[in-house]
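Please read the structure below before turning to the comments.
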Amino acid sequence: MAKKKKTDSALGHDPFADMDMECLDWESQEGAQIAPGVLPAARELPMPQATFHFPADFKWGIATAAHQVEGDNTNNDWWAWEQQEGHIKDGHKSGRACNWWKKAEDDFDRAAELGLNALRLSVEWSRVEPRSGEFDDSALKRYGEMLQALRGRNIEPMVTLHHFTNPHWLTERGGWENPETIALFARFVRRVVQVLGEHCDLWCTINEPNVYGYMGYLEGIFPPGQSDFQAAMRVIRHLLAGHAAAYREIHALQPQARVGLAHNMRIFDPANPRSVLDRRVARSVDKTYNQAILTALARGRWTLPLGFGLAWKLRRTLDWIGLNYYTRDLVAFDHRQQQTLFSDRLHAGEAELLDGDYGEFYPQGMFRCLQRLARLGLPIYVTENGIPDDDDDQRPRYLLTHLHQIWHAIQLCYPVMGYYHWTLVDNFEWAEGWTLRFGLIALGPRGGRKPRGSIKLYADLIQANAISPQIIDTYAPELWPELLPG
Ligand code: BGC
């Protein structure tokens, strides 16, 4: 297919005209496959201006995390982990990352140009409290500047207080395996909110307790690299207790604060729906990974295998719930896999796969997760959703189909308040290093930025506050039959 540089936009303007577009090859829109007879006929009819509208106050955001973008976060467990051979794909290191510690504002300008009204970032515990009980005011000042810079651009910050990394001193005391960490986290949160509370009232206590527990303590892919199911469950319980303690600290200082937690949900479907064992094992993986955390938070009750008995301190500690949704797995029974509750993970034969073995392209999962979360009766933010896609050949469809599922959920009055795309600029992808490219903007080897085609799509969606036929037509006409049948 011929490649051309694409500068037009569905809204007839080019918000990225000034950005460095050199070397970018854009897939020809004309060359894209259109279902025969569908689009040309529709084009002859008068087109509705905007079909799938989002609520007027919908939050359009992007999400990031400190260690993935700031650079030189030398004082935490991830930095140490990266230095040891074999931990990160291709021996990559976070290094200077996206240089946000020094120059986040340059990317905030890009975020403002894109039209965002929301941005989720995290504060790095090891910068704010480099030694136990000693707080670094200059680090807090820098975060204050960042939050003010966002507000000055009419972008509402959401601040995550724990996103996977821990200061060295905490790791030495056993990290989240040690129940004392709960109080230490609450102390850190208190200080952060005392200083940054004037610029922020939307807080995300902890990012993905399940991913943190599974990757670090079961699969051994994240520090501390353990493989112990009971330890993973213990760590998740402590993280949830840390969340509850943080919730109370924040509300004591800032009664009007809106405090939530980002929960990673995956869809687990039985590989063979007719197999009782596959169905049973899919249900039990779902219960352990997705549901047990929700039950603990919503009902104040531990359920096996996460725990047993009352968790009453967790009750009423959510003002909203965050959904991080990316993909689904098919689950098959495998008697040899005791560590993973006798499950094996597969992909559907016909599934479109994401780059880097990241999983299936499965937009319906977004709706299915939102449907479940809606039962909690809380406002929902989609705090993460995105795709590793260096050449940007799947992202436009991914973005449109996942947002369409969110739109559908909103039509059923599920209270989805906003969407934070993961992410703005390619960032350090933990154990995958720099091999997975999630950015709407590509990061060059020397830190240069080059927008991918999808950034214009996102800008058009935000400006229209809708998925319009023109947007579908411009960016993914092959979706026409699926999104606008008939
Ligand atoms: C994490 C992010 C990560 C993203 C993409 C999420 O589970 O919160 O830190 O970059 O997935 O892999």
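Return yes or no: is Gln405 closer than 18 Å to Lys59 by Cα and touching a Pro at 6+ places or on another chain (Cβ under 6 Å)?
Answer is yes for this residue.
Among the residues of region 207-242, write down those that are open to solvent by less than 10 Å² (accessible area, probe 1.4 Å), out of contact with any Phe, Trp or Tyr (no Cβ under 8 Å at 6 or more places or on another chain) and among the hydrophobic types (A, V, I, L, M, F, W, C).
Selection gives Met233, Leu240.
Could you check Gly197 against (1) under 30 Å from Asn465 (Cα atoms); (2) open to solvent by 10 Å² or more (accessible area, probe 1.4 Å); (3) under 22 Å from the mean Cα position of the chain (by Cα); (4) not aromatic (Phe, Trp, Tyr) and say which number it fails?
In the conditions (1) under 30 Å from Asn465 (Cα atoms); (2) open to solvent by 10 Å² or more (accessible area, probe 1.4 Å); (3) under 22 Å from the mean Cα position of the chain (by Cα); (4) not aromatic (Phe, Trp, Tyr), Gly197 misses (3) alone.
What number of residues within region 323-357 satisfy the criterion of being open to solvent by less than 70 Å² (accessible area, probe 1.4 Å) and within 15 Å of the ligand (Cβ to nearest atom)?
Final tally of qualifying residues: 10.
Evaluate region 88-104: report whether one residue or more is open to solvent by 10 Å² or more (accessible area, probe 1.4 Å), free of Cβ contacts under 8 Å to residues at least 24 places away in the same chain, among the charged types (D, E, K, R) and in a helix (DSSP H, G or I).
Checking region 88-104: at least one residue is open to solvent by 10 Å² or more (accessible area, probe 1.4 Å), free of Cβ contacts under 8 Å to residues at least 24 places away in the same chain, among the charged types (D, E, K, R) and in a helix (DSSP H, G or I).
If I filter region 207-230 down to residues being in contact (Cβ under 8 Å) with a residue 12 or more places away in the chain and in a loop (DSSP other than H, G, I, E, B), which single residue comes out as nearest to the ligand (Cβ to nearest atom)?
If we take residues in region 207-230 being in contact (Cβ under 8 Å) with a residue 12 or more places away in the chain and in a loop (DSSP other than H, G, I, E, B), then Glu208 is nearest to the ligand (Cβ to nearest atom).
Can you tell me which residue within region 64-76, out of those that are in contact with a Cys (Cβ under 9 Å, 6 or more places away or on another chain) and not in a loop (DSSP other than H, G, I, E, B), is nearest to the ligand (Cβ to nearest atom)?
Looking only at region 64-76, we keep the residues that are in contact with a Cys (Cβ under 9 Å, 6 or more places away or on another chain), and these are 64, 68-71.
In the following step, the residues that additionally are not in a loop (DSSP other than H, G, I, E, B) were identified as 68-69.
Values: Gln68: 6, Val69: 10 Å.
Taking the candidates together, the pick is Gln68.
With the condition being at pLDDT 95 or above, I'd like the helices (runs of 4 or more DSSP H) fully within region 369-486 carrying at least 3 qualifying residues.
Result: 395-411, 454-464, 469-475.
Would you say Ser138 is of a type in the set (Gly, Ala, Ser) and in a helix (DSSP H, G or I)? Before you say what the answer is, go through the steps one by one.
Values: of a type in the set (Gly, Ala, Ser): yes; in a helix (DSSP H, G or I): yes.
When the stated conditions are applied, Ser138 passes them.
Using the structure shown, decide if Cys204 is more than 16 Å from the ligand (Cβ to nearest atom) and hydrophobic (A, V, I, L, M, F, W, C).
Considered against the rule, which asks whether it is more than 16 Å from the ligand (Cβ to nearest atom) and hydrophobic (A, V, I, L, M, F, W, C), Cys204 comes out as no.
Could you tell me which residue of region 383-410 is nearest to Leu436 (Cα to Cα), considering only residues that are under 16 Å from the mean Cα position of the chain (by Cα) and among the aliphatic types (A, V, I, L, M)?
Here the residue is Ile387.
Go through the residues of region 259-276 one by one and say whether even a single one is assigned to a loop (DSSP other than H, G, I, E, B), open to solvent by less than 30 Å² (accessible area, probe 1.4 Å) and under 28 Å from Gly386 (Cα atoms).
No: zero hits.
The values are calculated or read from the model by the stated rules, or taken from the named source; none is laboratory data. Treat the numbers as computed from the prediction; the structure is a model and nothing was measured. Cβ: placed from backbone, ideal geometry, glycine included. Neighbour counts: every protein chain shown. To get the accessible areas, we keep the full protein, side chains included, count just its heavy atoms, and leave off ligands, DNA and RNA. Shrake-Rupley method; radii C 1.70, N 1.55, O 1.52, S 1.80 Å.
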